[in-house]
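Chemist: Here you go, one structure.
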Amino acid sequence: MKIDRIHHVAYRCRDAKETVLWYRDKLKMDFVLAIAEDRVPSTKAPDPYMHVFLDAGDGNVLAFFELPTQPPMGRDPNTPEWVQHIAFKVKDRATLLAFKAHLEAEGVDVLGVTDHGVFHSIYCFDPNGHRVELACPDPAEAEQLARLDAVKWAMLDEWSRTKRAPKHAAFLHESEFAA
């Protein structure tokens, strides 16, 4: 028994239409489905909502709920804003740079390109305050993934014991932090 894949990932939004238009226009996602109810099907609670679904490519679906009767949405104040994010893969660095130029031309503040070793990323925020990452593979991705795979359990065990960053994968950023 094994999970097949993610069916969809759902986040809250302030305004369903604004969110659909942002993802359509900024990230070129297709709007595929909308569901609206006055009661929550799983709990039967009276809580009207709009649930929208966007095609994130390759069978992946990103969904949002607008909840007009609930208190305004917020974020976990104890978690840095860079931690919780939605990451999308793009084909290559040329595509990543094209998205960066497109987003900036649309007035979106973009951070990066950030080199993570295995992949390269840019970051921005959607109109709901959700951090969005676009990532492309590094040309040396296969070699680096193999090296990371070989040390993953040792890293996890060391982290569990010490709560300090193990140095098993320092090769990803060695030149970046060299003095």
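The values are calculated or read from the model by the stated rules, or taken from the named source; none is laboratory data. All values reported here derive from a predicted model rather than from experimental measurement. Here the Cβ positions follow ideal geometry from the backbone for every residue, glycine too, while neighbour counts run over all protein chains shown.
Chemist: Does LYS28 satisfy being modelled with pLDDT of 95 or more and on the phi > 0 side of the Ramachandran plot? Break it down into steps so the answer makes sense when it comes.
Modeler: Numbers: modelled with pLDDT of 95 or more: yes; on the phi > 0 side of the Ramachandran plot: yes.
So LYS28 passes the test.
Chemist: Taking the range 101-123 on its own, how many of its residues are outside any strand (DSSP E or B) and at pLDDT below 95?
Modeler: Our first condition is that a residue be outside any strand (DSSP E or B); within the range 101-123, this holds for 101-110, 116-118.
Next cut, at pLDDT below 95 only: 116-118.
Here the count works out to 3.
Chemist: Now a separate question. Exactly one condition in (1) within 26 Å of PHE65 (Cβ to Cβ); (2) surrounded by fewer than 18 Cβ atoms within 10 Å (Cβ to Cβ) is not met by ALA146; state its number.
Modeler: ALA146 satisfies all of (1) within 26 Å of PHE65 (Cβ to Cβ); (2) surrounded by fewer than 18 Cβ atoms within 10 Å (Cβ to Cβ) except (1).
Chemist: Quick test for you: out of ALA87, ALA146, pick the one residue that is on the phi < 0 side of the Ramachandran plot and free of Cβ contacts under 8 Å to residues at least 24 places away in the same chain.
Modeler: Result of the check over ALA87, ALA146: ALA146.
Chemist: If you don't mind, there's one more thing I want to ask. Considering every residue within the range 133-143, establish whether at least one is of a type outside the set (Lys, Arg), closer than 30 Å to GLY74 by Cβ and surrounded by fewer than 16 Cβ atoms within 10 Å (Cβ to Cβ).
Modeler: The answer is no, given that none of the residues of the range 133-143 is of a type outside the set (Lys, Arg), closer than 30 Å to GLY74 by Cβ and surrounded by fewer than 16 Cβ atoms within 10 Å (Cβ to Cβ).
Residue by residue, here is whether (1) within 14 Å of the chain's Cα centre (by Cα); (2) in contact (Cβ under 8 Å) with a residue 40 or more places away in the chain holds:
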position	(1), (2)
HIS8	yes, yes
GLU18	no, yes
TYR23	yes, yes
ASP30	no, no
TYR49	no, no
PHE65	no, yes
PRO77	no, no
ALA98	no, no
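Conditions tested, residue by residue: (1) in the same structural domain as GLU66 (by TED's automatic domain parsing); (2) in a helix (DSSP H, G or I); (3) of a type in the set (A, V, I, L, M, F, W, C); (4) within 16 Å of TYR23 (Cα to Cα).
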{"position": "PHE99", "(1), (2), (3), (4)": "no, yes, yes, yes"}
{"position": "LEU145", "(1), (2), (3), (4)": "no, yes, yes, no"}
{"position": "LEU148", "(1), (2), (3), (4)": "no, yes, yes, no"}
{"position": "VAL151", "(1), (2), (3), (4)": "no, yes, yes, no"}
{"position": "ARG161", "(1), (2), (3), (4)": "no, yes, no, no"}
{"position": "ALA165", "(1), (2), (3), (4)": "no, no, yes, no"}
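Chemist: What strands (runs of 3 or more DSSP E), lying completely within the range 8-57, carry at least 2 residues that are surrounded by 15 or more Cβ atoms within 10 Å (Cβ to Cβ) and of a type outside the set (A, V, I, L, M)? First the steps, then the outcome.
Modeler: Values: elements: 9-13, 30-39, 46-55.
It comes to 9-13, 46-55.
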